[in-house]
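Participant: Sharing a structure, written as structure tokens. Questions coming.
The values are calculated or read from the model by the stated rules, or taken from the named source; none is laboratory data. From a predicted model like this one, the values you see are computed outputs, not experimental measurements. Cβ atoms come from the backbone with ideal geometry, glycine included; neighbour counts cover every protein chain shown. Protein only, heavy atoms only, side chains kept; ligands, DNA and RNA dropped before computing areas. Shrake-Rupley method; radii C 1.70, N 1.55, O 1.52, S 1.80 Å.
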Amino acid sequence: MAGGSNNVARMSPRQRMINLMYIILTAMLALNVSSDVLNGFSQVQAGLQKTTDNLSAKNAAQFQYLKQLYEENPQKTAPWLAKGTEVSQRSDSLYNTLEILKVAIARQADGPGADYRHLINNDDLEASSAWMLNPVSQRGKKLREAIDAYRTFIAANIADPDKRKAVEQLLSTTVTAPKGTVGAVTWEQVNFENMPVIAAVTFLTHLQTNLRQAESEAMTSIINAIDMGDVRVNSLNAYVIPQSTMIMQGGRYSADIVLAAIDTTNRPRIYVGGREIKGGHYEFSPGSTGTFDYSGYIEVLKADGSLSKYPFKSSYTVIEPMATISPTMMNVLYAGIDNPISISAPGVPMSAINASMTNGSLTRSGDHWVARSSSVGSEAQITVSATLDGRTVQLGAMTFRVRKLPDPLPFIAYKDASGNTQHYKGSPKRLSKAALMNAFGLGAALDDGVLNISYQVVSFSTIFYDSMGNAIPENSAGGSFSPRQVEQFKRLKVGKRFFISEIKAKGPDGITRDIPPMEVVLN
């Protein structure tokens, strides 16, 4: 090997072959992985496999405990069992995928009958690359994507933020390119490219261990969450819960008597006035009006066989049947129109109230009533009752006088400068001639702030005066100004006046009445 070109030239062919073989052997030794290192991977693989098996057994026990909780209380535990089932199924699915890859890589190195626990060609540098980095199957990329999806899913089932963060780091697929690497590298390249088969199998077992650890954290979080919404108590108290503390005579008093934080396997005994109440539901019919008190106690058998008593007190009020009946707009009923009526009874829901009326009809609209009567001068009686506990109870009655609607007042409707409709109701106010010429006729209404009712003008007359003081009457065309009346309007001068009389108007009650005349004065 030593010497210059002359020495090489003087070497025999045999020596040259020996030197070349030496160079090739040195290169192979440089590429070969130390047997100690390979043995170390085997030991790590065996240790990780044992840890994984232990975690798998633990997770199976946790899931079995979750199913036991469901059997004891299905209604409370059902949503948590569903979460635990999904965690178990998805974890097993990914675990089995990793197991299949371990077997496949081992067979790639040792042949069809290979066992990844006892590898023969454990230093094979091609098996993991050929199987995981195949550009067609892209098994390494698919595995990375599956781990990413599982990490997101499992982290969502861990309530503790610190443990969630630890699991996310445990299953992270983020990698840093080795020194001297040009360009970006993927997670699968870092872990499977030119990697001895024993190292690749050990890495997959490591992933299985991390997977089972993440599953354990999620399962623990789910089991702990089952009782998270329960209220913890350190005292026992008796409570009386009445449906109402106000009862009408003839009605029924109803109340639930309960003990907070009772044990369903040791139900308490309840006594009121020395008499045991079965089921904790206390009910009776009061006989007289007034406020009454009652008391009792709840008796609980303790674990040591002794009895504990928890006293309670409550009261109720019995009132006379009564109802409040009042007209919404007025103190009487007016014939021929809808009279809004308000009906209520203290302590009685509106849905339980019924009402009827004599000398007319009474209809209901939601919580309001409408009374309608047509017989003027007579009386109408509204009677109110209520359905309580399946029985009809009379609450009261009220009598109303039925009156005719008051007479309306006439007006001339016209448009002001803004286009709004105005009502001219006569002197001392004045009306412009332009407004008069644009008016269609005469209207009438009852507008006293209480009743707002429109009437139909049937007919009317206008009276004008000529220069000699002679009266010139003109008749209308129904409720509208007649052409002759309009001609008279055109002749009027500023400051002149005329009268509208003999006004007849018909109300919603169907009655036609004579209403007062009005004087019109022009500007």
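Participant: What is the percent carbon and sulfur in the accessible area of segment 410-523, measuring with a 1.4 Å probe over the protein chains and ignoring ligands?
Facilitator: It is 51 percent, rounded to a whole number.
Participant: Could I have the simple spin-label model distance between residue 291 and residue 130, label points 7 Å from Cα toward Cβ, reported in nm to one decimal?
Facilitator: Distance between label points: 9.6 nm.
Participant: Then there's this: Pick out, in residue order, every one of the trypsin sites (Lys or Arg not before Pro) in segment 144-224 that is DSSP loop and has at most 11 other C-beta atoms within 10 Å; say none if there are none.
Facilitator: Answer in residue order: 179.
Participant: Taking θ as phi - 60°, what are the ³J(HN,Hα) couplings along segment 310-319 by the Karplus curve (6.51, -1.76, 1.60), each to the nearest whole Hz, with x for Gly and Pro?
Facilitator: Values per residue, Gly and Pro as x: 10, x, 8, 9, 7, 8, 8, 10, 10, 10 Hz.
Participant: Which of the aspartates and glutamates could be linked to residue 313 by a straight reach, that is with a Cα gap under 13 Å, when you skip same-chain ones fewer than 8 residues away?
Facilitator: 256, 293
Participant: How high is the relative contact order of segment 359-507, in percent, counting Cα pairs under 8 Å that sit 6 or more residues apart?
Facilitator: On the way: 239 pairs, mean separation 23.6, N = 149.
Taking the mean separation of contacting Cα pairs over the length of segment 359-507, I get 16 percent.
Participant: Which distance in nm do the two modelled labels at residue 466 and residue 193 give, with both placed 7 Å along the Cα-to-Cβ direction?
Facilitator: Going from the residue 466 label point to the residue 193 one covers 12.3 nm.
Participant: While we're looking at this one, here's another question. Using a basic spin-label model with each label point 7 Å from the Cα along Cα→Cβ, how many nm lie between residue 152 and residue 320?
Facilitator: Result for the modelled spin labels: 7.4 nm.
Participant: Sticking with this one: Based on the Cβ-Cβ distance from residue 165 to residue 186, what FRET efficiency comes out when R0 is 25 Å, to the nearest 0.05?
Facilitator: On the way: r = 24 Å, r/R0 = 0.96.
After rounding to 0.05, the efficiency reads 0.55.
Participant: Please sort 358-369, 452-463 by packing, taking for each peptide the average over its residues of neighbouring beta carbons within 10 angstrom, highest first.
Facilitator: Output ranking for 358-369, 452-463: 452-463, 358-369.
Participant: Now, a different point. So, R0 is 60 Å and r is the distance between the beta-carbons of residue 494 and residue 374; what FRET efficiency does that work out to, to 0.05? Provide the component values of the computation, followed by the final result.
Facilitator: Details: r = 49 Å, r/R0 = 0.81.
It comes out at approximately 0.80.
Participant: From the Cα gyration tensor of segment 402-478, with a ≥ b ≥ c the square roots of its eigenvalues, which class applies: rounded if a/c is under 1.5, or else prolate if a/b is larger than b/c, or else oblate?
Facilitator: Details: a/c = 2.15, a/b = 1.35, b/c = 1.59.
Oblate, since a/c reaches 1.5 and b/c is not below a/b.
Participant: Now, a different point. Restricting to DSSP loop positions (anything but H, G, I, E, B) with no more than 12 other Cβ atoms inside 10 Å of their own Cβ, which trypsin sites (Lys or Arg not before Pro) remain in segment 456-523?
Facilitator: In loop regions of segment 456-523 (DSSP not H, G, I, E or B), the sparsely surrounded trypsin sites (Lys or Arg not before Pro) are 493.
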